[in-house]
Structures are given as structure tokens and as C-alpha cells.
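Scroll down for the structure; my scribbles are underneath it.
The values are calculated or read from the model by the stated rules, or taken from the named source; none is laboratory data. Note that the structure is predicted; figures quoted are calculated from it, not measured. Every residue, glycine among them, receives a Cβ derived from its backbone with ideal geometry; neighbour counts consider all protein chains shown. When the accessible area is computed, the model is the full protein with side chains, heavy atoms only, and any ligands, DNA or RNA have been set aside. Shrake-Rupley method; radii C 1.70, N 1.55, O 1.52, S 1.80 Å.
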Amino acid sequence: MTRPYRGSGLAGSPVVPYPHGGLARHGNLPPGERLRVLLVEDDEGDAFLVGELLAETNSMIDLVVATSLREARQRITGVDCVLLDLGLPDAQGLDGLRLVLEMSSGAAVCVLTGRSDEHLGVVAVAEGAQDYLVKGQVDGVLLTRALRYAVERKRADENARRLREVELRQAESARLERGLLPQPLMTTDQVAVHTFYRPGRHAALIGGDFFDVVQTRPDRLDLIVGDVCGHGVDEAALGVELRVAWRALVLAGVPDDEVLPALEQVLMSERRLQEIFATVATTRLDLDANRATVRLAGHPPPLLLSGGRVVPVPAPGGLLLGVRPRRPIAYDLEFDTDDWSLLMYTDGLIEGRVGAGNERLDVPGLSGLLDEPANREVSLPELPAWLVGRAEQINGGPLADDVAMLLVSRGGGR
């Protein structure tokens, strides 16, 4: 049978059981079927009576007694429910309830008091108590039922709160995703642009990967793919700021060589920590001349698909944005035919493992995937998703980082 269990109130002092026994657990019952209740009551007779009421019903409740809030604070760890008297030596009335609610964490809190005051009961429940019980008006069955219901209500409230937090995070991620992954701002039909984005396995939270496409003249198309280091709301928000800033700079006609330095200024002024950096790849397409200008700031190079071959664009790698301001070096790319594709991507695509060792897919491995005969049967709009599927297959599971891709194609695209 269950009996109340109490000590002297001093930290580290021995715990002395009531005369009728202690807190021994039932050997034949799974631990999950028992509740651990902390009774905060300074009247030894009332505490003894609570233990007797619970023992009469074979309640499977382990009762621990504290005679003050100070003792309660020391013994509340691992408790499922707190049964609180409103008249304690170191706290009176609702002030004591508020203090217990602050320290109780995930535990339910029920008031057990001698005050038969309906208004006080309503206020106590409004403050956060799961129930308001009056001494002398409850028997063992009612007390046991009230404690178990209180614990279940608390668990339901906690589950509802967690669900709401998940829904809010999902809604926030969706808003940020719309900012990171806009619709291409283009009207030309001389080239086709296919976009792709997939969050990494970090609880499907969006990271700082972003892309954008802007047409400023009938014969000119600007593209960007970037990656802010890290995952989470702050990084995603910074990615949105960088994308919007880049679009504004391009539409404003800022000279080509000044766009990325200006973008770096935005990064350095808006980042929350000095350690945060970003990698960026930009491409300006001159459609009439059938050529491109590529600039890299610590980003992996685009891949050119043309004439049945796949080659990385040999643009200088450049420095990460936010490390040491330096203007990226432009690389001019001449297309030999009117059938080509240019794949721009973030490093999440190439950081997956190859086999059981530490070898990464990297740029040569990605080029090899695009060179596989099987990909010839894949349409260009489906090619980014196919690449991710192959990378995950080689990795032996989902890719850890976010993946963003832009595939711009002309003519047959290969």
C-alpha cells in the first residue's frame, strides 16, 4: 500500500517514512503505470490522511511529502503531479501556487486546501492549476481520480502546445521558403529554367540556401545560387535578405563587378555573429552572343552540359562572402553550340558520402553522375530531382544538408 514519504526538509538529510510504511514500488507493475505525486503540506495530520486515502484505493501512486516550498523545490524532480496546500510557512494563497507552477515544469498541479471558496478555485484553475480540491470533501477514489485526470490533462496540454509550436515553425518555414525560392522573373523563351529545393534532414527545417533569376533586358538573364552557413530561422532570414538585396542590385543596374561586394556589405551588417558567412555563384547570360559570365565567392562551380559531355566551369573559386572583402574574378564562358545546359547548385548536393568511407561525392562525382548513360533518359525538368535521388542512393540515405539547384537550358540542353 502507498504511504506518504517525507524528510526533515534539509538538503541531503535522511528521508524518514511515516509509521505505516514508505515508498516501495510494486514489483509486479510496470514503472509507467505508477504516478509520483509530491504533496506540499505542512500539517502532518493532513499529510497522513492523504496517504491513507490513496492507500485505501490501491491507487498505485507514490507519495512524497514536502512541508514547505523550499523542500518542494528540492524534491520536485521526476514528479508527475504536485498536490499543493495554499497555507504554507513560506507561501500563502495564490502566490504559493504561482511559485509552484514556475518550478513544476511538466508536472500537473492540483490544489488541496481547507478553503471552500468557489471564486478562489476558479482563479486557481485560471492561473494554471489542473484542479481545486477541498479537504474533507474528497475520498480516496475521488482523490485518485482527480490526480490521474490532472496528469492526463497536463500531458494533453503539453502535446497541444508542442503541436502548436510545430505548426508555427512549419508556417514560419513556409514563409521563409517563399522568400528564399521565388518564381524566376523572366519572359524570354530562348532558355528554360528549372528550379529545385529540398531541406536537409535537420527536422525538415529550411536553411540558408537560396536562388533567384532576373531578366533585365530581352537578351540578358542574371542567375544566383547561394548558401548561408547554418540551419534555422536566422540563417534562412539572412538568406532571404541576401536574395532580395541581389535582385534589387541587379534591377537597379549596379555594375557587374560591384554587385557581390555590395551583397557582402549586406551580409556583414545583418548577420548576428561574425562567424557567419555565405557562398555565392552568379551567372550573367548574354543570350544574343550565346555566352555567360560566371563569378564565384567560395561556391562550387557550375557544370556545363554540352555536346554529350559534362565539365565544371573553370571559374576562379574566390573567397567566401563575409570573411575578407574581395571582388570575385569574372570568368567568361563561350558556348560552342545552341544546345547546352548550365547546372548551378549548393554544396549540399555534393557533400554526401561515397561508399562506407569518408570520401565525398564532390564536383567530380557529380560530373560522373551527369555522365551516366541512364540520365540521358531523364528529361531536363526532372534532372535535378534525379540527381538528388542518385546522390542519396550513393550516400546510403538522405542528404544531411539543404540542396538548391538552378538548371538553365538552351535548345536540346545537352
Tell me, which residue of the range 66-97 that is in a loop (DSSP other than H, G, I, E, B) and of a type in the set (Asp, Glu) is farthest from Asp43 (Cα to Cα)? Asp80
Given (1) open to solvent by less than 50 Å² (accessible area, probe 1.4 Å); (2) assigned to a helix (DSSP H, G or I); (3) at pLDDT below 95; (4) not small (Gly, Ala, Ser), Leu366 misses just (3)
When you check Leu296 against the structure, is it farther than 23 Å from Ala404 by Cα and out of contact with any helix residue (DSSP H, G or I) (no Cβ under 8 Å at 6 or more places or on another chain), yes or no? no
Where the second residue is part of a loop (DSSP other than H, G, I, E, B) and of a type in the set (A, V, I, L, M) and the first is over 13 Å from Ala278 (Cβ atoms) and lies in the range 313-335, which pairs have Cβ atoms under 7 Å and are six or more apart or on separate chains? Pro316/Ile329; Arg326/Leu319; Tyr331/Val313; Tyr331/Ala315; Leu333/Val313
Could you list, in sequence order, all residues of the range 230-257 that are open to solvent by 40 Å² or more (accessible area, probe 1.4 Å) and either outside any loop (DSSP other than H, G, I, E, B) or of a type in the set (Asp, Glu) (or both)? His231, Val233, Asp234, Glu241, Val244, Arg247, Ala248, Leu251, Asp256, Asp257
Quick count over the range 382-395, residues being in contact (Cβ under 8 Å) with a residue 24 or more places away in the chain, out of contact with any strand residue (DSSP E or B) (no Cβ under 7 Å at 6 or more places or on another chain) and either closer than 17 Å to Ser341 by Cα or open to solvent by 20 Å² or more (accessible area, probe 1.4 Å) (or both), is 3
Selection within the range 112-147 - acidic (Asp, Glu) and either buried (at least 16 other Cβ atoms within 10 Å of the Cβ) or touching a strand residue (DSSP E or B) at 6+ places or on another chain (Cβ under 7 Å) (or both): Asp131
Residue set Glu359, Glu351, Glu334; condition out of contact with any Pro (no Cβ under 8 Å at 6 or more places or on another chain), under 21 Å from Leu285 (Cα atoms) and open to solvent by 50 Å² or more (accessible area, probe 1.4 Å); output residue Glu334
Looking for something touching a helix residue (DSSP H, G or I) at 6+ places or on another chain (Cβ under 7 Å), in a loop (DSSP other than H, G, I, E, B), touching a residue at least 24 places away in the same chain (Cβ under 8 Å) and surrounded by 15 or more Cβ atoms within 10 Å (Cβ to Cβ) - is there at least one such residue anywhere in the range 216-227? no
For the range 244-263, pairs from a residue that is in contact (Cβ under 8 Å) with a residue 40 or more places away in the chain and within 15 Å of Thr216 (Cα to Cα) to a residue that is of a type in the set (Asp, Glu) and not in a helix (DSSP H, G or I), with Cβ under 6 Å and 6 or more apart or across chains, are Arg247/Asp212
Which residues, taken from the range 302-330, are in contact with a Ser or Thr (Cβ under 7 Å, 6 or more places away or on another chain), in a strand (DSSP E or B) and open to solvent by 50 Å² or more (accessible area, probe 1.4 Å)? Pro312
Scanning the range 258-276 for residues that are part of a helix (DSSP H, G or I) and acidic (Asp, Glu), the one most open to solvent (accessible area, probe 1.4 Å) turns out to be Glu270
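Conditions (1) modelled with pLDDT of 90 or more; (2) of a type outside the set (S, T, N, Q); (3) open to solvent by 70 Å² or more (accessible area, probe 1.4 Å); (4) under 25 Å from Asp401 (Cα atoms), marked per residue:
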{"residue": "Arg155", "(1), (2), (3), (4)": "no, yes, yes, no"}
{"residue": "Asn159", "(1), (2), (3), (4)": "no, no, yes, no"}
{"residue": "Glu167", "(1), (2), (3), (4)": "no, yes, yes, yes"}
{"residue": "Ser173", "(1), (2), (3), (4)": "no, no, no, yes"}
{"residue": "Glu177", "(1), (2), (3), (4)": "no, yes, yes, yes"}
{"residue": "Pro184", "(1), (2), (3), (4)": "no, yes, no, yes"}
{"residue": "Val193", "(1), (2), (3), (4)": "yes, yes, no, yes"}
{"residue": "Phe196", "(1), (2), (3), (4)": "yes, yes, no, yes"}
{"residue": "Pro199", "(1), (2), (3), (4)": "no, yes, no, yes"}
From the list Val125, Val109, Val138, which residue is modelled with pLDDT of 90 or more and more than 30 Å from Asp212 (Cβ to Cβ)? Val109
What is the number of the single condition among (1) crowded, with 21+ Cβ neighbours inside 10 Å; (2) among the aliphatic types (A, V, I, L, M); (3) outside any helix (DSSP H, G or I) that Ala400 does not meet? (1)
